[in-house]
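Worksheet: the structure to be examined is printed underneath.
The values are calculated or read from the model by the stated rules, or taken from the named source; none is laboratory data. Just so you know, these numbers come straight off a predicted model, no measurement behind them. Neighbour counts are summed over all protein chains in view; Cβ atoms, including those assigned to glycine, are modelled from backbone coordinates with ideal geometry.
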């Protein structure tokens, strides 16, 4: 995968560098200098050198452990947050990667490279409109990543593809538009960032649903996309109380992962796995929680178990 190759190049060969801060935010090396004054905190360059050595041997987990533990032990250098996000992407751990990229961009909003990687991650998760916006921002910032042009082309293709799907959907006769039809429209409109349209489609879904709780479910993706996490949490909790326990726990686990509440995500994923031990979403979230909370041995065991189960299917 091109993204993984570019990430490895950046992690292996680039130095820590300075943070691309907004005008008036102060010198680029101030945050690095301040954390180095804290006792027993591993300095950034040493952490990155050791992480590169681990990457050279192909040990992504060891590299992640080094960077993650430096952050947990008090090294607040934003560059380490950026590098940890890049390592998460290499492990297909998109939720914590996005959280790290967002945190980094709050203090370094002029770093086109991170907009590029964030755009690639959003593209991989299907949020094509947001992906395109991030990639365009990377281009505005004169980012020169080798894959930027192709990523922008891909994002534009995916946007056009979804617009085409919506066009075909609108051609379907009204009397043939069932719940599945409206759910697919909700998903497409959320991916395109057309949240008002998605909310209207959710209203049609609700109109067709026989149960009021099931009908409200269509607003869940819209609330999440708007950043109304409290509203989404309340909606899913109500659905759970009304009997949709497995579906609601899965949705609550995904929501918790999106905001970085790993203990809640782990608890909800475990609840799903009690009833559906082979559920792909819940198993992925379980492994993600192990990784994001630094339980590396357990994560590796879970990954190996998943691979073994796949081989014996």
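Condition check: touching a helix residue (DSSP H, G or I) at 6+ places or on another chain (Cβ under 9 Å), without any contact (Cβ under 8 Å) to a residue 60 or more places away in the chain and more than 22 Å from residue 101 (Cβ to Cβ). Does residue 306 satisfy that? Talk me through it step by step, then tell me what you get.
Numbers: touching a helix residue (DSSP H, G or I) at 6+ places or on another chain (Cβ under 9 Å): yes; without any contact (Cβ under 8 Å) to a residue 60 or more places away in the chain: yes; more than 22 Å from residue 101 (Cβ to Cβ): yes.
Considered against the rule, which asks whether it is touching a helix residue (DSSP H, G or I) at 6+ places or on another chain (Cβ under 9 Å), without any contact (Cβ under 8 Å) to a residue 60 or more places away in the chain and more than 22 Å from residue 101 (Cβ to Cβ), residue 306 comes out as yes.
If I ask for residues that are assigned to a loop (DSSP other than H, G, I, E, B) and crowded, with 24+ Cβ neighbours inside 10 Å, which ones from segment 43-85 would you list? Give the steps one after another, and end with the answer.
The first filter runs over segment 43-85 and keeps only residues assigned to a loop (DSSP other than H, G, I, E, B), leaving 43, 57-59, 73-77.
Across segment 43-85, the qualifying residue is only 77.
Looking for whichever is touching a residue at least 12 places away in the same chain (Cβ under 8 Å) and surrounded by fewer than 21 Cβ atoms within 10 Å (Cβ to Cβ) here; the options are 135, 123, 110, 98. Which one fits? Give the steps one after another, and end with the answer.
Details: 135 fails: surrounded by fewer than 21 Cβ atoms within 10 Å (Cβ to Cβ); 123 fails: surrounded by fewer than 21 Cβ atoms within 10 Å (Cβ to Cβ); 98 fails: surrounded by fewer than 21 Cβ atoms within 10 Å (Cβ to Cβ).
Answer to the selection: 110.
Taking residue 93 as meeting all but one of (1) free of Cβ contacts under 8 Å to residues at least 40 places away in the same chain; (2) at negative phi, write down the number of the exception.
Result: residue 93 passes all but (1).
All but one of (1) in contact (Cβ under 8 Å) with a residue 60 or more places away in the chain; (2) closer than 30 Å to residue 211 by Cβ hold for residue 260; state the number of the condition that does not hold.
(2)
Working carefully through the options 13, 101, find the one that is more than 29 Å from residue 259 (Cβ to Cβ) and either at pLDDT 95 or above or more than 17 Å from the chain's Cα centre (by Cα) (or both).
Working: 101 fails: more than 29 Å from residue 259 (Cβ to Cβ).
Answer to the selection: 13.
Is there a residue in segment 212-233 that is more than 20 Å from the chain's Cα centre (by Cα), crowded, with 20+ Cβ neighbours inside 10 Å and under 16 Å from residue 130 (Cβ atoms)?
Within segment 212-233, not a single residue is more than 20 Å from the chain's Cα centre (by Cα), crowded, with 20+ Cβ neighbours inside 10 Å and under 16 Å from residue 130 (Cβ atoms).
If you check every pair at least six apart or on different chains, which have Cβ atoms under 7 Å apart with a residue in segment 43-63 that is at positive phi and in contact (Cβ under 8 Å) with a residue 12 or more places away in the chain first and a residue that is exposed (fewer than 15 other Cβ atoms within 10 Å of the Cβ) and in a helix (DSSP H, G or I) second?
none
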